[in-house]
Amino acid sequence: VWEEPGAGDAGTRPTLLDIDLNSSGRLVKYRTRQSSGSAYFDQTVLKAAANAPPIRGLSPAFLKQYPTVTVEFKLGDE
């Protein structure tokens, strides 16, 4: 659900987002681990997290082993 911003809105590095998932794969908590350096770019990432549907197909063992997952957001042409 991420609406990738244009190159002019990107920061100097990727945004890293820590996400916590519940047993059904729904994001229950998320926070920025590393800013891109662009407030606008970071906001697009947070908006995507707020609107993300549940992530299907994650096993209970995976969710137990990885209660927090870090996702990297960067422009596709990098």
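Placing a label point 7 Å from the Cα of Ala39 along the Cα-to-Cβ direction, the residues of region 1-17 whose backbone N falls under 20 Å from that point are 5-17. Debye-formula intensities of the chain, expressed as log10 I(q)/I(0) at q = 0.13, 0.15 Å⁻¹, are -0.40, -0.53 (one equal scatterer per alpha-carbon, no solvent). Packing order of peptides 37-46, 65-74, highest average first: 37-46, 65-74 (average count of other Cβ atoms within 10 Å over each peptide's residues). Rolling a 1.4 Å probe across all protein chains gives Ile55 an accessible area of roughly 70 Å². With the dipole of the chain worked out from charges on the C-beta (+1 for Lys and Arg, -1 for Asp and Glu) around the Cα centre, which of Ser35, Ser59, Gly11 lies farthest toward the positive end? Of Ser35, Ser59, Gly11, it is Ser59. Dipole check for the chain: with +1 at the C-beta of Lys and Arg, -1 at the C-beta of Asp and Glu, and the Cα centre as origin, the magnitude is about 440 Debye. Note on region 2-41: Cα-Cα pairs beyond 16 Å make up 44% of the total pair count.
Would you calculate the separation in nanometres between label points at Glu72 and Ser24, each defined as 7 Å from the Cα along the Cα-to-beta-carbon direction? Here the modelled spin labels are 3.2 nm apart. Dividing the summed -39500 (n - 2.57) terms of all DSSP H runs of n ≥ 4 by the residue count of the chain sets its mean residue ellipticity at 222 nm at -6500 deg cm²/dmol.
The values are calculated or read from the model by the stated rules, or taken from the named source; none is laboratory data. On a predicted model such as this, the values are computed, not experimentally measured, just so you know. Don't worry about glycine lacking a Cβ; one is built from the backbone with ideal geometry, like all the others, and counts go over all protein chains shown. Heavy atoms of the whole protein, side chains included, go into the accessibility calculation; ligands, DNA and RNA do not. Shrake-Rupley method; radii C 1.70, N 1.55, O 1.52, S 1.80 Å.
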